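Take a look at the structure set out below.
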Amino acid sequence: MSHDNDFPENHDALRTRTHARPRPAKKPLAAQEGQRIPTRRADERAYPVETPGRSSEPRAPRAQVPTDSRAPRTHVPAERRPSRNQTPVAQTSTSRPSKTVFAIAGVCAVLALVLFGVVHWQNTKPIDIMVNGQELQMPRTATVNDAFEAAGSPATAGNMLDIDGELLQEGSGTAYTATLDGHELEPTAAADTPLDGHTSIDFANGVDVEEPSNTAENQPIAHGVQDVGHGPLHIVTQKGQDGSGTIKTGQVSGKQQVIEVTSDPVDTIMKRCYPDTQGEKVVALTFDDGPWDDTNELLDVLRDNGAKATFFTVGNRISGNGVDTVKREVAEGHQVATHTWDHAAGDGQSVNLSYMSAEQQREEVTKGFQAIEDATGQKPSFVMRAPGGNFPTEVWSNVEDLVVADIGWDIDTTDWKRPEASRIAAELMRVTPGDIVLMHDGGGNRKNTIEGLRIALPKLVQDGWKFVTIDELMKYPTKDS
């Protein structure tokens with residue numbers, strides 16, 4: 001068996017002959033030495049698979065390079081020698097991670113888990129805190145409100161007050177007052193304050209709060225009404241005028257409060273007084289609730305005695321024959337004024353305008369005046385008599401732009417009770433200068449009233465008494481008593 005290939009000096013010669021004559025395949029070493037050759041599997045190839053990219057074509061013979069047989073040669077394995085025309089490429093090798101790397105990673109993971117556990121334990125560890133002297137254990141994430149509930153809500157909420165300081169809603173103030181480690185918390189922010197890091201909290205009752213409100217500038221300030229004096233004549237001696245300023249309005253109560261005054265309001269002054277006739281024997285006869293069926297007969301008695309009177313009519317009665325009756329009253333020199341539209345029926349219970357809404361009050365007055373104007377074609381006298389004589393300041397302030405005076409009385413003949421004519425006559429006979437006498441020409445049968453006039457008027461005329469209208473009486477000066 002030849003061993004030419006084992007010597008380097010023969011390599012170049014072998015390269016020259018490789019393609020000239022095929023060389024028999026070398027038997028495995030085991031076979032040469034008489035050893036047993038392992039059986040190949042059926043799927044194994046007899047020869048190595050060609051590496052992709054390598055040409056299977058025979059390479060051309062390489063030219064021999066003369067060598068100096070005397071120079072020593074270094075043996076270089078063929079597979080490691082680069083081609084003469086090819087730049088050597090550095091070979092890299094991939095190695096498996098060492099066991100040390102895995103060990104370090106494992107230690108880091110364990111340390112991370114331990115650290116996470118410690119932090120989690122610190123964050124979830126309960127805290128001990130004194131709540132109103134009672135030691136409680138609370139979650140570390142607990143707030144002031146949690147402590148309040150845990151302690152059984154040991155304080156009472158405050159109330160909501162209106163802008164005038166009056167109770168508006170009970171229990172609608174702050175829920176409690178909280179003092180955390182000696183520092184009182186702002187009520188609106190106390191509930192969500194965390195407890196962690198604190199040692200004690202004390203709760204006290206909540207405080208009252210004022211209702212929410214709006215503030216506006218240059219707003220009208222309503223003027224008031226002053227009701228002064230005593231007497232049957234209710235006259236406005238000073239017209240009211242609104243002022244202006246900054247107004248605060250409660251959003252819940254609707255109340256208004258003047259914060260700053262820009263211009264002062266001027267109050268209306270309603271003076272109750274008496275006419276001062278200075279002893280002159282004049283008297284004003286007044287009749288309510290007409291026109292009625294008996295009104296024309298009453299007018300006959302007044303005409304026969306040369307007496308003038310004032311008729312306070314009910315507006316819805318001025319229809320049909322009532323229109324002619326009112327026209328006659330005006331034609332004969334009597335004064336026609338209003339006793340409202342329907343004597344404050346409905347909400348006013350036929351006796352009191354103050355029971356009615358402000359809108360209804362004004363409607364009663366305006367419709368009463370309009371009925372007179374529609375019947376007579378003339379503007380009425382803008383004095384009135386309120387039903388039942390009920391004319392408080394709140395009504396007056398609501399209709400003060402519609403009337404110049406409200407008329408009461410000095411003598412009530414009580415003819416509305418239908419007493420005997422003699423009793424009515426007796427009341428008429430006790431008049432004094434400037435008196436206003438109350439009688440009725442409507443609301444029922446008024447025969448006794450008419451008969452009482454027939455008895456008394458001739459005697460009064462004989463005694464020098466003069467009968468005037470309300471407008472005429474109001475031309476006299478006034479006095480307080």
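The values are calculated or read from the model by the stated rules, or taken from the named source; none is laboratory data. Computed from a predicted model, the values in this text were never measured in an experiment. With ideal geometry, Cβ positions are generated from the backbone for all residues, glycine too; neighbour counts draw on all protein chains shown. Surface areas here come from the heavy atoms of the whole protein model, side chains and all, with no ligands, DNA or RNA. Shrake-Rupley method; radii C 1.70, N 1.55, O 1.52, S 1.80 Å.
Can you spot a residue in region 229-240 that is open to solvent by 10 Å² or more (accessible area, probe 1.4 Å), within 30 Å of Asp164 (Cα to Cα) and touching a strand residue (DSSP E or B) at 6+ places or on another chain (Cβ under 6 Å)?
yes
Tally time: how many residues in region 171-186 are open to solvent by 50 Å² or more (accessible area, probe 1.4 Å) and under 14 Å from Thr156 (Cβ atoms)?
Here the count works out to 1.
Please state which one of Gly171, Gly182 is under 30 Å from Gly250 (Cβ atoms) and either small (Gly, Ala, Ser) or touching a helix residue (DSSP H, G or I) at 6+ places or on another chain (Cβ under 7 Å) (or both).
Gly171
For residues in region 199-228 being touching a helix residue (DSSP H, G or I) at 6+ places or on another chain (Cβ under 9 Å) and not aliphatic (A, V, I, L, M), which is most open to solvent (accessible area, probe 1.4 Å)?
Looking at the filtered set, the residue picked out is Gln226.
Within region 342-386, which residues are assigned to a helix (DSSP H, G or I), open to solvent by 40 Å² or more (accessible area, probe 1.4 Å) and of a type in the set (S, T, N, Q)?
Ser354, Gln360, Thr366, Gln370
Of all residues in region 250-280 being at pLDDT 95 or above and in contact with a helix residue (DSSP H, G or I) (Cβ under 9 Å, 6 or more places away or on another chain), which is surrounded by the fewest Cβ atoms within 10 Å (Cβ to Cβ)?
Thr277
For the condition basic (Lys, Arg), on the phi < 0 side of the Ramachandran plot and touching a residue at least 40 places away in the same chain (Cβ under 8 Å), what is the one hit in Arg423, Arg430, Arg385?
Among Arg423, Arg430, Arg385, only Arg385 is basic (Lys, Arg), on the phi < 0 side of the Ramachandran plot and touching a residue at least 40 places away in the same chain (Cβ under 8 Å).
Exactly one of these conditions fails for Gly464: (1) of a type outside the set (S, T, N, Q); (2) in contact (Cβ under 8 Å) with a residue 24 or more places away in the chain; (3) in a helix (DSSP H, G or I); (4) open to solvent by 20 Å² or more (accessible area, probe 1.4 Å). Give me its number.
(3)
If I filter region 434-461 down to residues being of a type in the set (Asp, Glu) and in a loop (DSSP other than H, G, I, E, B), which single residue comes out as least open to solvent (accessible area, probe 1.4 Å)?
Asp441
Considering only residues that are assigned to a helix (DSSP H, G or I) and of a type in the set (Phe, Trp, Tyr), which ones fall in region 124-182?
Selection gives Phe148 alone.
Within region 353-367, can one find any residue that is at positive phi and of a type in the set (Ser, Thr, Tyr)?
no
Can you tell me which residue in region 213-228 is farthest from Thr246 (Cα to Cα), limited to those that are modelled with pLDDT of 95 or more and of a type in the set (Gly, Ala, Ser)?
Checking each candidate, the answer is Ser213.
Part of a strand (DSSP E or B) and among the β-branched types (Val, Ile, Thr): does that describe Val431?
The answer is no for Val431.
Count, please, the residues in region 467-481 that happen to be open to solvent by less than 60 Å² (accessible area, probe 1.4 Å) and assigned to a loop (DSSP other than H, G, I, E, B).
The number of residues fulfilling the criteria is 4.
So, in region 323-338, of the ones that are part of a helix (DSSP H, G or I) and open to solvent by less than 10 Å² (accessible area, probe 1.4 Å), which residue ends up nearest to Thr286 (Cα to Cα)?
My answer is Glu329.
Those residues that are open to solvent by 60 Å² or more (accessible area, probe 1.4 Å) and modelled with pLDDT of 65 or more, I need them from region 113-132; list them, please.
Leu113, Val114, Leu115, Phe116, Thr124, Lys125, Pro126, Asp128, Met130, Asn132
Tally the residues that are under 23 Å from Val461 (Cβ atoms) and open to solvent by less than 10 Å² (accessible area, probe 1.4 Å), restricting the search to region 390-432.
Residues that pass the stated criteria total 6.
I'd like the residue in region 306-317 that is open to solvent by 20 Å² or more (accessible area, probe 1.4 Å) and part of a loop (DSSP other than H, G, I, E, B) and, out of all such residues, is farthest from Ile436 (Cα to Cα).
Per the criteria, the residue is Gly306.
Of the residues in region 403-428, how many are over 29 Å from Asn352 (Cβ atoms) and not in a helix (DSSP H, G or I)?
1
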